[in-house]
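See structure below.
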Amino acid sequence: MLGHAYLVHGPEAVGKTTLVLRLASYLVCSGSQPRPCGVCRGCRQVGRGGHPDVRLIERASERRDITIEQVRQVEELVALAPTEAPAKLICIAGADTLNDAAASALLKTLEEPPPRVTLVLTAVDPVSLPITIRSRCQLLALQPVAAQTLAEGLVAGYAVDPPRAQELAALARGRPGWAIRALEEPNLVEKQRESLAVMRSLAENGHYRRLQAVDAWLGKGTFLESRERALGFCVLLETWWRDALLLSQAGAAPMLRGQVVGSGEMPACGPAEITGFLPRIQETAARVAANVNPRLALEHLVLVMPRAGTGPHGR
């Protein structure tokens, strides 16, 4: 029996919306076990986005937020009884982009949940949602997929050559959605390599060049655009330093050296210094998510970052 509201959260492209649509297929499936069968009318309708009792609400491509008008659509939908399935399922994807008015309107629906309706919100950063919304949802956290598991899935499900699958799995940082997109958009791989190269150069350079790199990364734009870029910066920086930590230990996977950290020597700083810095990245990301000035937050972060270079660690 499904509850009335869930909040599915996890990294971008980790599979949140895919999981919700899978749940929707289970809800409407009329086929035999195991469910969802994937071939009945209900499953096929969900697959093509046409089931009358399943609705996906997303931020419009030209906007930075989900609007109150879209939440009004949700209110209209939940007021109607299901037409074919036992219950309605409405997913608000990217709920952490709800603007204030939309969040307030959604709260009213969550406070008085209608019968036979399940609302599912997805978010990268659940803390950015009002506590009044979070407290009315059952939370489900999705974690990044292990690189080996992801590589095996690409080989089995998409007939990717094993070496290519391992490369994509290393660059995907546990995000199946990113790896699948990269099969169709090869430029994503090159962009990821370039971004990780920026992280490496940051670790190798002095303070002045680090500040220049932050300025170039953030560029010009609105506060929301800077905030989004800063959060992406923190994710990549954490990825680089975590893999540097792995490679400073005996037995670390050599695949990571070329794909993430780089082909050169490992940081001269030791594991203790790296593990001391990683929480600072997470703290910075939390501050940026809480609307601290992105530029100031990143500048402070890179100024306290350990210095990398050739050294005994990782040789």
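The values are calculated or read from the model by the stated rules, or taken from the named source; none is laboratory data. Every value quoted in this text rests on a predicted model; they were computed, and no experiment measured them. Heads up, the Cβs are rebuilt from the backbone with ideal geometry, glycines too, and the neighbour counts pull from every protein chain shown.
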Looking at region 148-161, can you tell me whether even one residue there is out of contact with any strand residue (DSSP E or B) (no Cβ under 8 Å at 6 or more places or on another chain), hydroxyl-bearing (Ser, Thr, Tyr) and under 25 Å from ALA93 (Cα atoms)? no
Output for Cβ contacts, cut-off 7 Å, separation at least six or different chains, first residue under 15 Å from ALA13 (Cβ atoms) in region 141-154, second of a type outside the set (A, V, I, L, M) and in a helix (DSSP H, G or I), reads LEU142/LYS16; VAL145/PRO176; LEU150/PRO176; GLY153/PRO176
For a quick check of your reading of the model, give me the residue pairs whose first member lies in region 235-247 and is closer than 9 Å to LEU278 by Cβ, whose second is at pLDDT below 80 and not aromatic (Phe, Trp, Tyr), with beta-carbon atoms closer than 7 Å and at least 6 apart or on different chains. none
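Matching residues to (1) surrounded by fewer than 20 Cβ atoms within 10 Å (Cβ to Cβ); (2) under 18 Å from LEU119 (Cβ atoms); (3) of a type in the set (Val, Ile, Thr):
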{"site": "GLY31", "(1), (2), (3)": "yes, no, no"}
{"site": "VAL39", "(1), (2), (3)": "yes, no, yes"}
{"site": "CYS43", "(1), (2), (3)": "no, no, no"}
{"site": "ASP53", "(1), (2), (3)": "no, yes, no"}
{"site": "GLU58", "(1), (2), (3)": "yes, yes, no"}
{"site": "GLU75", "(1), (2), (3)": "yes, yes, no"}
{"site": "ALA79", "(1), (2), (3)": "yes, yes, no"}
{"site": "LYS88", "(1), (2), (3)": "no, yes, no"}
For region 239-252, does any single residue satisfy the condition of being at pLDDT 85 or above and either on the phi < 0 side of the Ramachandran plot or not in a helix (DSSP H, G or I) (or both)? yes
Contact list, first residue from region 205-231 and under 26 Å from ASP65 (Cβ atoms), second anywhere and part of a loop (DSSP other than H, G, I, E, B), beta-carbon distance below 7 Å, six or more apart or interchain, is LEU224/ARG64
If we scan region 198-217, do we find a residue that is touching a Gly at 6+ places or on another chain (Cβ under 8 Å) and either closer than 27 Å to ASP96 by Cα or in a helix (DSSP H, G or I) (or both)? yes
Surrounded by fewer than 21 Cβ atoms within 10 Å (Cβ to Cβ), out of contact with any Asp or Glu (no Cβ under 8 Å at 6 or more places or on another chain) and among the β-branched types (Val, Ile, Thr) - does that describe any residue in region 9-18? yes
Which of the residues that make up region 104-128 are of a type in the set (A, V, I, L, M, F, W, C), surrounded by 20 or more Cβ atoms within 10 Å (Cβ to Cβ) and over 16 Å from ALA13 (Cα atoms)? LEU106, VAL117, LEU119, VAL120
Scanning for something under 25 Å from ALA123 (Cβ atoms), of a type in the set (Val, Ile, Thr) and either modelled with pLDDT of 90 or more or assigned to a helix (DSSP H, G or I) (or both), does region 176-187 turn up at least one residue? yes
Determine whether ASP65 is under 15 Å from LEU7 (Cβ atoms), acidic (Asp, Glu) and in contact with a strand residue (DSSP E or B) (Cβ under 8 Å, 6 or more places away or on another chain). no
